[in-house]
Amino acid sequence: MAAQRPSELGILQLYRGFLTLYPAEFREEYGRELCLVFVDRWREQRSPAGLLMVFLEALAGIFHEAPKEHAKMILQDLRYAIRIMRKDAAVTVAAIAILALGIGSTTLVFSLANGLLLRPLPYAQPERLVAVEEYSLKDRNEKGDVSFPNSIDMAARTKLLQDLGVYGGGMAIVHGNGAPEPVLGVELSSAVFRALGVTPLLGRIFTAADDAPNGPKVAIIGEELWQRQFGRDPHILGRSIEFDPHGAGRISRQRKANVDAPGHRSRGRGVVRGHGGRSGAYAAFEIATL
């Protein structure tokens, strides 16, 4: 018997280690009784096979019952929490509202930081893109609107910028094969595409000839609009497209591109039209490439 006692103590310590799989409250209440039952069953066995079976059965019981005890503890805690929250409904509503506002504000701040600071722009060489504003030397508050002739002069004189384009946006009503549809439209010069590194899905981008006064009225439409209004017609190049309030433009030969996200075929949404020589104010800033 003296030779078996160290083995009995060692196996009991091992069994106690497995008991930690139970919740702490359960161990405090039933841990001693479980150890006593295990020792009694261990001492009843004489053969090694019997001792092994006792140990394996004890482990099987722990692995089978421990998850159930944890689930019971969780349900008990939930029921208690619900009773407390129902008892103090006003405090509960205030705490939930504060928590929701905190989560929402944190999500908003991260989304803005991710979109503006962390995630690069979906264009070629985004680190070279800069915004250029025009302002009055007499009144610093007078800034933003840039005329197309001024943008031409700036592009001709600058030695720092490789390309300088001007653009402005607004809503337009497009008349395609389906019902008239309001879409986001953009008027821009040909340099915008060069600065952004846009690659068309079909056809070509605008050229300097399209920027000329009284130049052709040409348009580029996004892929989603192409899908909705024209059923992805592969022969759309060269067809006329009518949109208000600026009348009818024409999709010239090789005039189809995804202008919203170059290289991504599912995000083009609106209409981009060449300015056709218009010289009015376009936008608060231009896109330029260093």
Within region 118-138, which residues are surrounded by 11 or more Cβ atoms within 10 Å (Cβ to Cβ), assigned to a strand (DSSP E or B) and touching a residue at least 60 places away in the same chain (Cβ under 8 Å)?
LEU129, VAL130, VAL132
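Considering region 196-220 alone, what residues qualify as being under 25 Å from the mean Cα position of the chain (by Cα) and either in contact (Cβ under 8 Å) with a residue 60 or more places away in the chain or within 16 Å of ILE173 (Cα to Cα) (or both)? Give the steps one after another, and end with the answer.
Initially, region 196-220 is screened for residues under 25 Å from the mean Cα position of the chain (by Cα), giving 196-201.
LEU196, GLY197, VAL198, THR199, LEU201, listed by residue number.
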Do we have any residue at all in region 165-177 that's in a helix (DSSP H, G or I), touching a Leu at 6+ places or on another chain (Cβ under 7 Å), among the hydroxyl-bearing types (Ser, Thr, Tyr) and in the same structural domain as PHE243 (by TED's automatic domain parsing)?
no
Taking the options LEU99, LEU121, LEU112, LEU117, name whichever one is over 23 Å from GLY168 (Cα atoms), outside the structural domain of LEU188 (by TED's automatic domain parsing) and modelled with pLDDT under 80.
LEU117
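Output the helices (runs of 4 or more DSSP H) that fall wholly within region 1-117 and possess 1 or more residues being in contact with a helix residue (DSSP H, G or I) (Cβ under 7 Å, 6 or more places away or on another chain) and of a type in the set (A, V, I, L, M), or say none.
Values: elements: 5-19, 24-44, 48-87, 89-113.
Qualifying helices (runs of 4 or more DSSP H): 5-19, 24-44, 48-87.
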For region 139-165, which residues satisfy the criterion of being without any contact (Cβ under 8 Å) to a residue 12 or more places away in the chain, loosely packed, with under 10 Cβ neighbours inside 10 Å and not small (Gly, Ala, Ser)?
ASP139, ARG140, ASN141, ARG157, LYS159
In region 37-45, is there at least one residue being polar (S, T, N, Q) and out of contact with any Leu (no Cβ under 8 Å at 6 or more places or on another chain)?
no
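The values are calculated or read from the model by the stated rules, or taken from the named source; none is laboratory data. Computed from a prediction, not measured in an experiment: that's the story for all the values here. A quick note on method: Cβ atoms are made from the backbone with ideal geometry, for glycine too, and the neighbour counts reach across all protein chains shown.
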